[in-house]
Amino acid sequence: MFVDRAVITIKSGKGGAGAVSFRREPYVPDGGPDGGDGGKGGDVVFVADGSLRTLMDFRYKRRYAAQDGQDGAGRKRFGKNGETLIIKVPPGTVVTDEAGGLVIRDLVLAGDSVVAAKGGRGGKGNVNFKTPVRQAPNFAEAGGFATERKVLLELKLIADVGLIGFPNVGKSTLLAAATSANPKIGNYPFTTTTPNLGVVELYDTSFVMADIPGLIEGAHTGAGLGADFLKHIERTKVLIHVVDVSGTEGRDPAQDLRLINAELESHTVNLLRKPQLIAANKIDLIDAESEAYLSFKREAEMLGFAVFPVSAAARLGVSPLMKAAAGELARIENTHSEEEETRAYFDVIRPEEDAHYRDIEISTDGAVYVLAGRQLSKIFNSTNFNDMGSVRYLYKHIEKSGVAERLKSMGLRDGDTVRIHNFEFIWYDE
């Protein structure tokens, strides 16, 4: 089954906590603190794997979590780092942060990778908090937070040339005639329900060609299958617009040409800027000198398109069309997408690297002042409330952040209650 879109939840590993430990050995005076640091949490990494062709695996598993870092231990033993979680996706997968809508990375080629969620840093053991004044710190640092986010995975097929056009105009037949692909071919609309790929071999060169299904009028708004597959055209470099010039299905080829191009422009204007060749298909069913065909050809050429009369079923005119496509590919080989140059990317950072990580929010719950913040939570989780040195360390953080002055400006007095998480304490100025 071809699946080209999935939303999953990823979570990095949290950092291990630092250890509170003291060296206690006979005949060793002044042992002092020896608590080791916690290990770093594992990252979540997406890697493009050339052996994959679909996102089907993500239909059954929607949550992925990396390993947490281990806690530190005595004798200055560091905790083990959490293992990195590697998630394999097909080349051509775009990884997007669902909440913000920004692209994390476009994994175009096999081997491309991106860290989509960074593991939390390991907490420092109490050996790091020893000072000339504080000889026996009875507290350590908690591990860094894990990062959890939803990501959208979208697979955009990597093809050099894309076949576009209304249903039943002969796109699959042309793909079969030009390549060794064996797509399903039938005399009814929407025979093709998923994109098909094939390789065109031309003397000393070759290129990948894709049959893109489902384009009809209104495709960009969800009509037919177009909303699902228009995105696959974005990846192609050259378009071959297949038009049924025979009129055997009761359609006007010139009108079809205009409607499909209008759909491309409605999806994104960059699609209409791609080189486009017109495959005037089913030419064997009409007179190539007829006024109907010549009128269509004149209109297409007035729009700037080269027209190639072909019969995919009879394999007539296919070779000149493929040679022209190869020529267009060679001409634009070193050009860059304007969209890629202007695209804004999501910046993957740890919580500690966020500009607002140190911010402390103040609210009130009746007569109680409530403090909340990411770094505040980490220090709070590290606090040993049975040790005055540890409690003083928490208070100093609150004071240095300017919260003490803000609280006083809000009316805080000695004896008032302050809450952090579910812990309440009475405020007194030292």
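The values are calculated or read from the model by the stated rules, or taken from the named source; none is laboratory data. In this text the structure is predicted, and so the values were computed from the model without any measurement. Note: ideal-geometry Cβ built from the backbone for every residue, glycine included; neighbour counts use all protein chains shown.
Data table
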item: Test: residue 360 is in contact with a strand residue (DSSP E or B) (Cβ under 8 Å, 6 or more places away or on another chain) and over 25 Å from residue 137 (Cα atoms); result: yes
item: Residues (among the aromatic types (Phe, Trp, Tyr) and either in contact with a helix residue (DSSP H, G or I) (Cβ under 7 Å, 6 or more places away or on another chain) or exposed (fewer than 15 other Cβ atoms within 10 Å of the Cβ) (or both)) located in segment 125-141; result: 139
item: Output for segment 368-399, where each listed residue is closer than 22 Å to residue 353 by Cβ and not aliphatic (A, V, I, L, M); result: 373, 374, 375, 377, 378, 380, 381, 382, 397
item: Residue that is surrounded by the fewest Cβ atoms within 10 Å (Cβ to Cβ), among those in segment 287-319 that are in contact with a Gly (Cβ under 8 Å, 6 or more places away or on another chain) and at pLDDT 90 or above; result: 313
item: Test for residue 19: is it under 22 Å from residue 144 (Cα atoms), buried (at least 21 other Cβ atoms within 10 Å of the Cβ) and either outside the structural domain of residue 233 (by TED's automatic domain parsing) or touching a strand residue (DSSP E or B) at 6+ places or on another chain (Cβ under 9 Å) (or both); result: yes
item: Verdict on residue 116 being among the small types (Gly, Ala, Ser) and in contact with a Lys or Arg (Cβ under 7 Å, 6 or more places away or on another chain); result: no
item: Those residues of segment 280-296 which are more than 13 Å from residue 251 (Cα to Cα) and hydrophobic (A, V, I, L, M, F, W, C), in sequence order; result: 280, 283, 285, 286, 288, 294
item: Residue among 256, 228 that alone is of a type in the set (Asp, Glu), at pLDDT 80 or above and either surrounded by 17 or more Cβ atoms within 10 Å (Cβ to Cβ) or in contact with a Pro (Cβ under 9 Å, 6 or more places away or on another chain) (or both); result: 256
item: Criterion: within 30 Å of residue 179 (Cα to Cα) and basic (Lys, Arg) - qualifying residue of 80, 156; result: 156
item: Among (1) surrounded by fewer than 15 Cβ atoms within 10 Å (Cβ to Cβ); (2) more than 27 Å from residue 232 (Cα to Cα); (3) in contact (Cβ under 8 Å) with a residue 12 or more places away in the chain, the one test that residue 25 misses; result: (3)
item: Given (1) at pLDDT 95 or above; (2) in contact with a strand residue (DSSP E or B) (Cβ under 6 Å, 6 or more places away or on another chain); (3) not charged (D, E, K, R), number of the condition residue 33 does not satisfy; result: (1)
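For every residue, the table says whether it meets (1) acidic (Asp, Glu); (2) under 12 Å from the mean Cα position of the chain (by Cα); (3) over 15 Å from residue 147 (Cβ atoms).
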{"residue": "7", "(1), (2), (3)": "no, yes, yes"}
{"residue": "96", "(1), (2), (3)": "no, yes, yes"}
{"residue": "106", "(1), (2), (3)": "yes, yes, yes"}
{"residue": "117", "(1), (2), (3)": "no, yes, no"}
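Residue-wise test of (1) at pLDDT 85 or above; (2) outside the structural domain of residue 146 (by TED's automatic domain parsing); (3) surrounded by 10 or more Cβ atoms within 10 Å (Cβ to Cβ).
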site	(1), (2), (3)
341	no, yes, no
346	no, yes, yes
376	yes, yes, yes
414	yes, yes, no
417	yes, yes, yes
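The rows are residues; the columns are (1) at pLDDT 90 or above; (2) within 28 Å of the chain's Cα centre (by Cα); (3) not in a loop (DSSP other than H, G, I, E, B); (4) not assigned by TED's automatic domain parsing to the domain that holds residue 241.
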position	(1), (2), (3), (4)
180	no, no, no, no
184	no, no, no, no
187	no, no, no, no
191	no, no, no, no
197	no, yes, yes, no
200	yes, no, yes, no
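Table: residues versus (1) modelled with pLDDT of 95 or more; (2) assigned by TED's automatic domain parsing to the domain that holds residue 390; (3) closer than 24 Å to residue 357 by Cβ; (4) part of a strand (DSSP E or B).
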residue	(1), (2), (3), (4)
83	yes, no, no, no
86	yes, no, no, yes
91	no, no, no, no
100	no, no, yes, no
111	no, no, no, no
116	yes, no, yes, yes
131	no, no, no, no
140	no, no, yes, no
162	no, no, no, yes
